[in-house]
1. Which ones in the range A:50-90 are closer than 15 Å to A:Lys141 by Cβ, out of contact with any helix residue (DSSP H, G or I) (no Cβ under 9 Å at 6 or more places or on another chain), free of Cβ contacts under 8 Å to residues at least 60 places away in the same chain and surrounded by 16 or more Cβ atoms within 10 Å (Cβ to Cβ)?
2. Exactly one of these conditions fails for B:Pro43: (1) within 11 Å of chain A (Cβ to nearest Cβ); (2) at pLDDT below 95. Give me its number.
3. (1) in a strand (DSSP E or B); (2) more than 9 Å from chain B (Cβ to nearest Cβ); (3) not polar (S, T, N, Q): which one isn't true of A:Pro75, the others all being true?
4. For the range A:102-113, give me each residue that is within 7 Å of chain B (Cβ to nearest Cβ) and touching a helix residue (DSSP H, G or I) at 6+ places or on another chain (Cβ under 8 Å).
5. For the range A:99-158, give me each residue that is part of a loop (DSSP other than H, G, I, E, B) and among the basic types (Lys, Arg).
6. Could you tell me how many of the residues in the range B:10-45 are of a type in the set (Val, Ile, Thr), part of a loop (DSSP other than H, G, I, E, B) and in contact (Cβ under 8 Å) with a residue 60 or more places away in the chain?
7. Filter the range B:21-40 for residues that are farther than 30 Å from B:Lys102 by Cβ and within 12 Å of another protein chain (Cβ to nearest Cβ) and give the result.
8. I need the strands (runs of 3 or more DSSP E) fully contained in the range B:46-107, keeping only those with at least 1 residues that are more than 9 Å from chain A (Cβ to nearest Cβ) and touching a residue at least 12 places away in the same chain (Cβ under 8 Å).
Amino acid sequence: MTAKVELMRVGRRDFVRGATAVAAMAAIISLPGGPAHAERNLQEAMKSVTGDAKPMEGKVSLTLPEIAENGNTVPFSFTVESPMSDTDYVKAVHIFASGNPRPDVASFMFSPASGKAAANSRMRLAKTQDVIAIAQMSDGKLYMAKRTVKVTIGGCGG
Amino acid sequence: MAKPRVKAPDKVKAGEIFEVKTLISHKMETGLRKDSKTGETIPRNIIDSFVAKFNGAQVFAVQSHAAISANPYFAFYMKANKSGELELTWREETGKTWSAKKTITVE
């Protein structure tokens, strides 16, 4: 009798576990904007800026909060090391949010008259994700920086 | 809707790097939100461009997408060697524009 009860309990648990796994897999497969899809979008968006060149690490410092309570307005700032002279300056800085429905956030364009390749703004983040900044120098070199932001309440409407 | 605000110094020294802070009230509708009553998608309407010119020459610009928060805030740096006028222009996707001007005196 005891043995039978034990068996039944195991059987039910296994069933529940199995069902959860199946449901989870189905959810992953059926999601149109699943992780793989978002990742491809990010690669495409970044490629529109970088072409085939691979950005190097360094020179860019990207500042974002570690935890953003409200994804609707996440302050961000960046600065890029550069003399900002007429012949050696930062042309543009492109910001991407890897986990948003659309990864493009903004492109900031500079000139030698900027004096400093830095800016401040606020962005929307749909969920916890990586934010990427790619700086394009006047000689064509690319540098990038990445920060992970934990988002408590996502901001993209819905 | 859409009233620009600008904060920049009135007087600077030649070649000095100074900060310009800007804000414009605008919903930056993503096109992803739904009206809670009708259930219909609210059409996308965002500011997609911001340009800062000093004495007619572009100093700084932003190409913004829907991921820029409502009431877009942009702060940037610049320097000037002679006095002049800073002209800021925001453009909505619909083609509508707003601008703000500020005279900056180089001492």
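The values are calculated or read from the model by the stated rules, or taken from the named source; none is laboratory data. Quick caveat, the model's predicted, so the values are computed rather than measured. Note that each Cβ is placed from the backbone with ideal geometry, even for glycine, and that neighbours are counted across all protein chains shown.
1. A:Ser82
2. Among (1) within 11 Å of chain A (Cβ to nearest Cβ); (2) at pLDDT below 95, B:Pro43 violates only (1).
3. The one condition A:Pro75 does not meet is (2).
4. A:Arg102, A:Asp104, A:Ser107
5. Once the filter is applied, which keeps residues that are part of a loop (DSSP other than H, G, I, E, B) and among the basic types (Lys, Arg), the range A:99-158 yields A:Arg102, A:Lys116, A:Arg124, A:Lys127, A:Lys141.
6. Let us first name the residues in the range B:10-45 that are of a type in the set (Val, Ile, Thr), namely B:12, B:17, B:20, B:22, B:24, B:30, B:38, B:41-42.
Right, trim to part of a loop (DSSP other than H, G, I, E, B) and you get B:17, B:30, B:38, B:42.
When the remaining residues are screened for being in contact (Cβ under 8 Å) with a residue 60 or more places away in the chain, the result is B:17.
Qualifying residue count, the range B:10-45: 1.
7. Residues satisfying the conditions are B:Thr30, B:Gly31, B:Leu32, B:Arg33, B:Lys34, B:Asp35, B:Ser36.
8. B:47-54, B:84-92, B:97-106
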